[in-house]
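Note sheet for the following structure.
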Amino acid sequence: MTATPVLSASNVSMVFGGLTALSEVSLQLHEGQILGLIGPNGAGKTTFFNCLTGLYTPTRGTVTLRGRTLPSDPAAVTVAGIARTFQNIRLFPSMTALENVMVGRHSRMKQGPLASLFHGPAYRKGEADARARSLELLDFVGLTGLDDELARNLPYGDQRRLEIARALATDPAVLLLDEPTAGMNPQETEAARQLIFAIRETGVAVVVIEHDTKFIFSLCDHVSVLVQGQLLVEGAPEVVRGDPRVIEAYLGKPPDEVEAEVRQYAEEAGRPSAAESTMVIPPVRERDGGSEGGNR
Amino acid sequence: MSQLKDVLKPGLARPLAVGGGVLAVIAALLPWVTYKFAQYGGDNYPAAASLQFFDAPFQLEGYRLHTLILGVVVVVVALAPVPARHRVLRALGWGLVAVGVINTVFAAVEGGGLGAVTAADGAIAFGGFACVVAGVLAILAGIAGGIEHVHVWRAKVATPVAYLVLLVSFVVLLLLVAMMLNAGGQGGVGNPYAGPIFLSLLGFLAGALGALHGVGLTGWISKLSDQHKVFSVAVLVLCALALPFTEAGTDYWMTTAANIGIYAATAIGLNIVVGLAGLLDLGYVAFLGIGAFVAANFSGAAAAAFGVELPFVLAAIIAAVVAGIFGAIVGSPTLRVRGDYLAIVTLAFGEIFKKAAQNNIGGLTGGANAIPNVPPINWFGQSFDKSLTIGSLELPSGVLYYVLIIVLVALVMVVFANLKNARIGRAWIAIREDEDAARAMGIKTGQAKILAFLIGATLAGLAGAVFAHKTSTVAYDSFQFIESVTLLAAVILGGMGSIPGAVLGAALLLVLPEKLREFSDYRLMLFGLALILIMRFRPQGLVPDRHRRAELADEGAEGVPIEELNVHDTPGGSTAVAR
Ligand SMILES: Nc1ncnc2c1ncn2[C@@H]1O[C@H](COP(=O)(O)OP(=O)(O)OP(=O)(O)O)[C@@H](O)[C@H]1O
Ligand SMILES: [Mg+2]
């Protein structure tokens, strides 16, 4: 990867009272990249997303989008071009699917209160455009025909997809997905994988948090492993997958045992297994506690 | 409930319903009381309650006629192929119970005990009891058969037919409103029957409407009116304007209807804040007060602070703007406080306003002396408090205010509807549903919330300007905490976020006290009881907004019980939606 990254976090730390949820995490996301963020429960992945999107103000460190430092105001961050979904789905439950996506268009619509009040031609055009774009996005994520359904009445998998459509409606440069396949069955997971590839095709760079390592390794160009608030390993999937420290820290199992699983994953995903490929483990910065087991 | 269902086999539904219907018919023909209400000029309790069928079979009227109608309909519904039959039976049953209980209780209280409604002095009267039992049988029949979902009519009709249907429904609505206002006459010492007659009619109409709703008629009409919005609004306004020409066109009801209108307009404004943006405001009536005091001060009244008499329209605009500014100020803490804390801030503001007005701060409110003698609005030489004569037709006084207020309510409704269906309206609803997610969608939530307060307060200020001229005296004690609560109750009772709901809520909350005058000691208690019952059995309000309906009803949007809907946090993939 060359050029300047789209999104870059440098030395982001987040401290809650006495608890250091993130310490000195740096990460770079490049144009057209799908970056996987994995790590045990409580590692700080969601906290990191919250710091990127301005929901939390990092204790230290900065986040820049295309070289411009982001404020810690979620609305402004969204306007700047970062969109996200939530780990525990946070749709507007009693709005329809279409209305949910149209809320996503909010920051891209130029419709002041007066235009809203009088419903003039400018209002009508703006509404029609927002509506058309939203329907297009519902189609894109595979929710064709469900536009008039209340969000809360949608099945779980569709709610996840609706959240993605709503995020895409903000015309983001970067999309952050927090566990997009949690609770999905294998077919839905595969559909989600294809959807993320399709999103990348539209020129949006994606960061995905996921516990399903098979999913992550078959999807991402680059994987970062977060353990206890610290970046343990990062690199290409093949590399990260074979790293014994990752295996131990993330999976909490001795490396040999995991190796067999990894080989199986790799075969299913149609990629050379980590064990077979000649792999180079990048030098990992030494961190205290970095090799401790996950708290699963 | 489930044990009840085990005992009630579906096969019992029809016999129970037929039995209930027949019993209701018998109840209508039985005497209901054993005495005459001598103290009221020897009349029988309304509508010849002790009349027996064979004396005068065709003289049934009032509540006994209603009982007869309900009974016959129950029998017909039990035997004919009616959609959502058991839901309809249950509604009719509740109507019978309401009619029976209200009249029996009143007759028993007035007649000095149970003897008055059973057997005494050689006379027998079990009509009321029979009516209640008949109602219970019909409800049990409904439960036994299994309550169906509300039937949905998908019939499409040509535009002229739709217009005709809408026209007829709105005219019927108008006549019903007039009938309700007139039922039993004005309440008061001279007319002790007004309360029960009115309540009984309300029970009957509620049962009948519930039945029509179950069959799908009301849903169909509301869908038609949604499709032909402009036509519906026009007809509705025309119908409202026609009210003075009906039997309710008296000075008294014109004044009451105008008051309802002022409160309805204010309630719709509050609905923006509470219903759409989800911000609880407990001091909202202060904005009505601010508007009223501003208008009064520019009205040329002797006690006004400014010696100018501005034209009404100008004064109203100033009132609205000033109220709006205060709205934005009161709304600004929403940037920092949420939920209950915001409610406390608004409550405090309401109290500050009241105290300031009471103490005549700045000499603007007249304190305890109020600002009296605010002149009536006067356009083209016609003073609004005088009666109006068009040709040979003399309209009651107050009719011009009534018309002005209808226009005001229509205006406020348009503002509400237009904002709701726009970018800002969606932002408000999003904030109500999930503020963090709304921010993550790029909504500047602070601005949006202050705007909600500002617009709501502006509308209330406008209503306040009309209020000042109409009541002619603006005193601080018209704007107390209880008024804020009443407005909030109107919004919640009618259905949050819904316009017809706010109007209906305001109407009920103002008409009921008028009708229940003779129960004034118990008025607040009855009022509280009604609210509790509504919150228990219909938390989404009487005429819910689509969003709320889904959120709070025990039924999904299309009448699917919630348990059957997919619960989204079931792990392990998607459960199909039961729809
Ligand atoms: N607002 C907060 N206040 C205090 N502690 C917090 C807060 N948010 C997160 N934490 C703590 O920070 C740590 C990291 O949590 P986070 O939710 O980021 O983990 P995660 O990696 O997303 O885990 P999971 O895989 O379970 O989603 C946890 O110990 C959590 O309790
Ligand atoms: Mg998380």
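Things worth noting here:
- Comparing the full protein assembly with the isolated chain (1.4 Å probe, heavy atoms, ligands and nucleic acids excluded), the residues of segment A:92-114 losing at least 40 square angstrom of accessible area are A:F92, A:S94, A:M95, A:V103, A:H106, A:Q111, A:P113.
- Accessible surface of segment A:9-141 [probe 1.4 Å, protein heavy atoms]: carbon and sulfur percent: 54
- Residue by residue, segment B:449-454 carries 3J(HN,Hα) couplings of 5, 5, 4, 4, 4, 4 Hz when phi is fed to the Karplus relation 6.51 cos²θ - 1.76 cosθ + 1.60 (θ = phi - 60°); x denotes Gly or Pro.
- Sorting B:359-370, B:125-136, B:207-218 by their mean Cβ neighbour count within 10 Å, with the most densely packed peptide first, gives B:125-136, B:207-218, B:359-370.
- Solvent-accessible area of A:K125 with every protein chain in place, 1.4 Å probe, in Å² to the nearest 10: 120
- Segment A:1-151 - accessible surface per residue (Å², probe 1.4 Å): 42
- Sorted peptide list for B:6-14, B:289-297, A:200-208, A:76-84, criterion being average Cβ within 10 angstrom, highest first: B:289-297, A:76-84, A:200-208, B:6-14
- For the pair segment A:222-249 and segment A:148-201, the centres of their Cα atoms are 25 angstrom apart.
- Under the Karplus curve 6.51 cos²θ - 1.76 cosθ + 1.60, θ = phi - 60°, whole-Hz ³J(HN,Hα) for segment B:230-237, x wherever Gly or Pro sits: 4, 4, 4, 4, 4, 5, 4, 5
- Residue mean of other protein chain beta carbons inside 10 Å, A:179-188: 2
- Per-residue mean of foreign Cβ neighbours for A:80-87 is 2 (Cβ atoms of other chains, 10 Å radius).
- Rounded to the nearest Hz, the phi-derived 3J(HN,Hα) couplings of segment B:455-471 under the Karplus curve 6.51 cos²θ - 1.76 cosθ + 1.60 (θ = phi - 60°) are 5, x, 5, 4, 5, 5, x, 4, 4, x, 4, 5, 3, 4, 6, 6, 7, where x marks glycine and proline.
- Amide H contacts under 5 Å for A:G61: A:S13, restricted to partners 5 or more places along the chain or on a different chain, H placed in the peptide plane at 1.01 Å from N.
- Amide H contacts under 5 Å for A:V233, placed H, 5+ residues apart: A:V225
- Violating pairs (Cα-Cα greater than 24 angstrom) within the set A:K125/B:K229; B:K420/B:K444; A:K110/B:K420; B:K9/B:K223: B:K9/B:K223
- Segment B:250-544 - accessible surface per residue (Å², probe 1.4 Å): 39
- Protein-protein interface of segment B:433-460, residues with accessible area decrease of at least 20 Å², isolated chain reference, 1.4 Å probe: B:E433, B:D434, B:D436, B:A437, B:R439, B:A440, B:M441, B:G442, B:I443, B:K444, B:L451
- Nonlocal amide H pairs with A:G183, under 5 Å, H built at 1.01 Å: B:G572
- Interface B:A - total buried accessible surface [probe 1.4 Å, Å², rounded to 100]: 3700
The values are calculated or read from the model by the stated rules, or taken from the named source; none is laboratory data. Because the structure is a prediction, the values reported are computed rather than measured. Quick reminder, even Gly has a Cβ in these numbers, built from the backbone with ideal geometry, and neighbours come from all protein chains shown. Note: accessible area is taken over every heavy atom of the protein model, side chains too, but ligands, DNA and RNA are not part of it. Shrake-Rupley method; radii C 1.70, N 1.55, O 1.52, S 1.80 Å.
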